[in-house]
Each structure stands twice: as structure tokens, then as C-alpha cells.
Amino acid sequence: EEGVFGPSAPMTRAMLMTVFYQLAGAPAQEMAGASAVLSDVPDGAWFAPYVRWAVSQNIASGTGAGTFSPNTREQLVVLLYSFAANYQGKAMAPGADLSGYADLNQSSTWAREALSWAVGQGILGSSSAGGLTLSPQRSATRAEVAAMLRVFSEKM
């Protein structure tokens, strides 16, 4: 719904690309030169230029078979990690030990370095008050991502 933040609504990867573009200073020249093509990103979609820009800048990649697709907590954390490392050129601080997280086995192997880094930096916390959980396969709400971005902006 236009004009509403919707804190409980899921934050999509496409939405995050628009945030990254703004964090990068809205580099119009980079946007103009972006030409990535993903089959599930229609040219006329509001998010298409931002996704093309992010893929062209090596911030994001597709999720296989030329698509951009799902939106899980682990994917969003991997994108934050990639933005800091690949676009901003930041030296990435060591991560936290995730062995105490009850659902670590639900995270993808390719996401664990970024998850560890995000927990170590305080960007990602436990998704449960009753114990340590990452909920890596659950979608992240806009409120959760706003909190992550606040810490990310302060740290990076």
C-alpha cells in the first residue's frame, strides 16, 4: 500500500536493492550502464533498474537459472555482506561463533560466513526470545531489515 511503511510486511530483495542504491549515493552513471538481465525481473517493473544496477556492481546475483527470486533472512544478510565487501570495499570483521544457534543446520552453507559476520557485528540477532535461533529460511519483515540497516549503517 502506497504511503504506508508496513513494518510486518516482508522485505524483498528487490526492495533492498533500492536501499543499497540510495546508500551508494544514487550513482546515476552506474545505473545507466547496468545491463544485467534476469528472467523474473520485467523491464517495466519499478525495481528493475535497481536490480540491474546491483547485479552489475557485483552486490547481488541471481538465485540460479537467471532469476532473482526468493527473500529469506539469510539471503538478505548475504546481500548486506556483499554490499559492504564488494561495493564499499570494506575489510570484513571476523564473525561470531554460530554453534550455539539451535537452527544453524537450516542455514545454507553459502550463507554461513555472512550470517556469522552479521551476528558478530550485531546486525542480526536471535529471532526468538526463548533461545538462540537464526530463522535463516524465514522471510525478514521490513521492520527487521530497518533495524539491521540501522546497525549496518552505524558499523559500516
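Where does the chain land at 222 nm, in deg cm²/dmol rounded to the nearest 500, when only DSSP H runs of n ≥ 4 count, each adding -39500 (n - 2.57), divided by all residues?
Numbers: 6 runs with 58 residues, N = 156.
Rounded to the nearest 500, it is -11000 deg cm²/dmol.
Write down the radius of gyration of the stretch 93-144 and its Dmax, each obtained from C-alpha positions, in Å.
Calculated on Cα positions, Rg and Dmax stand at 10.4, 28 Å.
What is the calculated FRET efficiency for Ala9 to Ala32, with r their C-beta to C-beta distance and R₀ = 30 Å, to the nearest 0.05? Working shown, then result.
On the way: r = 31 Å, r/R0 = 1.02.
According to the calculation, E is roughly 0.45.
How much length, in nm to one decimal, is gained on full extension between Gln137 and Lys155, taken as 0.36 nm per residue of separation minus their Cα-Cα distance? Don't skip to the end; give the middle numbers.
Working: separation 18, 0.36 × 18 = 6.48 nm, distance 2.49 nm.
Extra length from Gln137 to Lys155 when fully extended: 4.0 nm.
Leaving ligands, DNA and RNA out of it, report the carbon-plus-sulfur percent of the accessible area of the chain at a 1.4 Å probe. Working shown, then result.
Values: 4050 of 7750 Å².
Answer for the chain: carbon and sulfur cover 52 percent of the accessible area.
Counting heavy atoms of the protein chains only and a 1.4 Å probe, report the per residue accessible area for the stretch 42-156 as a whole number of Å².
With all protein chains present, the stretch 42-156 gives 46 Å² per residue.
Between beta-carbons, use under 12 Å as the cut-off and find the net charge around Ser35, counting Lys and Arg +1, Asp and Glu -1. List each step's numbers first, then the result.
Numbers: positive: Arg52; negative: Glu30, Asp43.
Residues near Ser35 contribute -1 overall.
Taking a 1.4 Å probe, which of Lys90, Lys155 shows the most accessible area, and what order do the others take after it? Please list the in-between numbers first.
On the way: Lys90 80, Lys155 110 Å².
Highest to lowest solvent-accessible surface, that is Lys155, Lys90.
Between Lys90 and Asn105, what is the label-point separation in nm under the 7 Å Cα-to-beta-carbon projection?
Taking the two extended label points, one gets 3.3 nm.
For the ranges 116-125, 40-49, what's the packing order if you count other beta-carbon atoms within 10 Å of each residue, average per peptide, and put the highest first? Working shown, then result.
Numbers: 116-125: 20.7, 40-49: 13.5.
Put in order of decreasing packing, that is 116-125, 40-49.
Let me check the size of the chain from its C-alpha atoms; what are the radius of gyration and Dmax in Å?
Using the Cα atoms of the chain, the pair Rg, Dmax is 15.4, 48 Å.
The values are calculated or read from the model by the stated rules, or taken from the named source; none is laboratory data. Bear in mind the structure is a predicted one, so any value in this text is a computation, not a measurement. Please note: Cβ atoms are built from the backbone with ideal geometry, for glycine as well, and neighbour counts cover all protein chains shown. Note: accessible area is taken over every heavy atom of the protein model, side chains too, but ligands, DNA and RNA are not part of it. Shrake-Rupley method; radii C 1.70, N 1.55, O 1.52, S 1.80 Å.
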